[in-house]
1. Based on Cα positions only, what radius of gyration and what Dmax would you give for segment A:28-187, in angstroms?
2. Output wanted: per-residue J couplings in Hz (rounded whole) for segment A:310-317, from phi through Karplus 6.51 cos²θ - 1.76 cosθ + 1.60, θ = phi - 60°, x for Gly and Pro.
3. Note down the Stokes-Einstein diffusion coefficient of the protein assembly as shown in µm²/s, whole number, using a Kirkwood radius over alpha carbon pairs, 4 °C, and 1.567 mPa s.
4. Could you work out how far apart the two model spin labels at B:I175 and A:Q94 are, taking each label as a point 7 Å from the Cα in the direction of the beta carbon, and quote it in nm?
5. Applying the Karplus parametrisation 6.51 cos²θ - 1.76 cosθ + 1.60 with θ = phi - 60° to the phi angles of segment A:51-61, what ³J(HN,Hα) value in whole Hz is obtained for each residue in order, glycine and proline being reported as x?
6. With a point put 7 Å past each Cα toward its Cβ, work out how far A:N146 is from A:I351 in nm, to one decimal.
7. With helices defined as uninterrupted DSSP H runs, which ones in chain A have an alpha carbon span along their own long axis of at least 15 Å and mean Kyte-Doolittle hydropathy of at least 0.5?
8. May I have the convex hull volume per residue, in Å³, for the Cα set of segment A:93-183?
Amino acid sequence: MWRSFILIVLLLFSPVLNASELSFSQNARTFESQTQSLFIKGLAFACLNSTQIPDDLPCNPALLTYLQKESLSLQALISNGSSNLEKIKKLLNQSSTQDTIDALFSKERILQIESHASLLFRSKYFAAQYLPVDIKGFSVVRNEANPDVEFYAVEDKGFRLQAAYPLTENLTIGLQSRLTDRKFIRQRFKLTDLATPAGKNLLTPKTYNFQTLEPSFSALVYQPWKVRISMMYANAGRYSERYDQIDPADELQGGISITPELLPWGELLLSLDYKSLTAEDSSLDKLHYGVSYSFGSMSISGGIDTHGISSGVFFSIQSISAGILYTTTKGLGDDSQNYTQTVYAQVGWQI
Amino acid sequence: MLIFSQQKRTPPSYLQWIIFILCCAFSIPSLALTPNETESWDTFARLMEKQKSTDHTQGISYIISGSLALIGGGVGENISSDPLEKGVYTLFQTMGIASIGYGAYTWQIGNEDRGFYEMILKSNLAPQSKSEILRVYRQSTQERQKKERFIKMITHGLISALNFYSASQQSNDSIKTSLYFIGGVNLLACITFSF
């Protein structure tokens, strides 16, 4: 069974090697509609079966029952490109000037930023997250003669609530609800369009809110190596406005994981998820492969999908935690010069 | 559904629902583990030997991972030029030292039960006397835990009340909601400790 799993993984790798060129205009682990912690980004979002996520609520609410103790904590994450944070905020608040526009689109070819802070409460049957600030921005300018700009900026605020209930020793069910206010800009345009009267509205943000209700379950199907299967019906709910270019459609997400007993100490988890991270994901883009190893105060995560590769380390001791994550859109064996590299840093404090 | 209330002095309606759901979800009495007063010394000794083995494994894990954090943080800080990365690597080193200390403590010292066990083990008491002392120790531990729960209930209740009051006086929406969130969670903890 172990050999079959490796074969499946190797078969999945070959499309990733070729897909890196398509992912040039995107960051590997920052997406408009996703707000996840550093550890989950490290896993390439293959987290539907992760029972121990040290810095966030479980991706699958049914796994809350595996939490060992209650906690209230504050987590803050920021990526490189933090100097652009104020410019993105000004644009979203419609208080930008010509200098801001020039700084965003003329001086830098690629611009990116993700920054969010959240309050997390976790317990065995209930969890809640308050997100007072979550800002993401990405811009790429091509063609020096007549610049084309691809740009998005998103600001989210809201809550995420989770509840779980164990039906049997190996089967749990859960429910997640997200209550979010969103403000965003997502455009592709020629830089010269900004000077025209019609172009002035290109950078006007749109606002809307949504409330989702997402049921899930998780089942431990094979005790040796803890083979686990989980499913979740995601993104279903009420939207005040639906923007298909930013909101992934309602979908059934699934994942499988194993915890092989290969190492005498620590816990190794291998997981494979099938889920959308953007509204434009193809079937191949929905496959995410993640690996994590937890040992003492250290957790290492790594992940690969068509968006890119990520690898990070997270430390947590008593009430302090910190982590760092490296991501790239460059595939394995890819010699292309067009790729985006991002470094994320996160600190946390247990209150 | 309005996400943020228009009124400045009352909590948003969705937040009231969240606090209500929190209270309902945790109205189930907590299943606090209470020590078994009739536990024999032999059973306790077996548990403690197992605990010592777990402490040994866990302690070594924390020492090794802490050492990796210390070394990795030092290397990363020297290699990196970004001030944010340097700051995180410095934090890694600090956490590495804390992790080594915590690991050593867990391995060599452990918890209160283990300290009691090692103390009694060194004595020349008869097994019956050991069981009697164990019974008194458990009784005493239970009484202390009751007092501890009462004090935690009062503390979390006061923190909750303070945060709710501060939130009602706050004009900034984000800070107001954060304070209501912290107040709600502490109210939940207060209710939990009251059982």
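The values are calculated or read from the model by the stated rules, or taken from the named source; none is laboratory data. Quantities reported herein were computed from a predicted structural model and do not represent experimental measurements. Don't worry about glycine lacking a Cβ; one is built from the backbone with ideal geometry, like all the others, and counts go over all protein chains shown. Calculation scope for accessible area: heavy atoms of the full protein, side chains included, ligands and nucleic acids excluded. Shrake-Rupley method; radii C 1.70, N 1.55, O 1.52, S 1.80 Å.
1. My reading of the Cα-based Rg and Dmax gives 18.5, 64 Å.
2. So the Karplus estimates, Gly and Pro as x, are 9, 7, x, 10, 9, 10, 9, 9 Hz.
3. This corresponds to a translational diffusion coefficient of 51 µm²/s.
4. Roughly 2.6 nm, to one decimal.
5. Computed from phi, the couplings for segment A:51-61 are 7, 10, 9, x, 10, 7, 5, x, 4, 9, x Hz.
6. Inter-label distance under the simple model: 5.4 nm.
7. Span-like helices here: A:2-19.
8. Spelled out: Cα convex hull of segment A:93-183, divided by residues, is 128 Å³.
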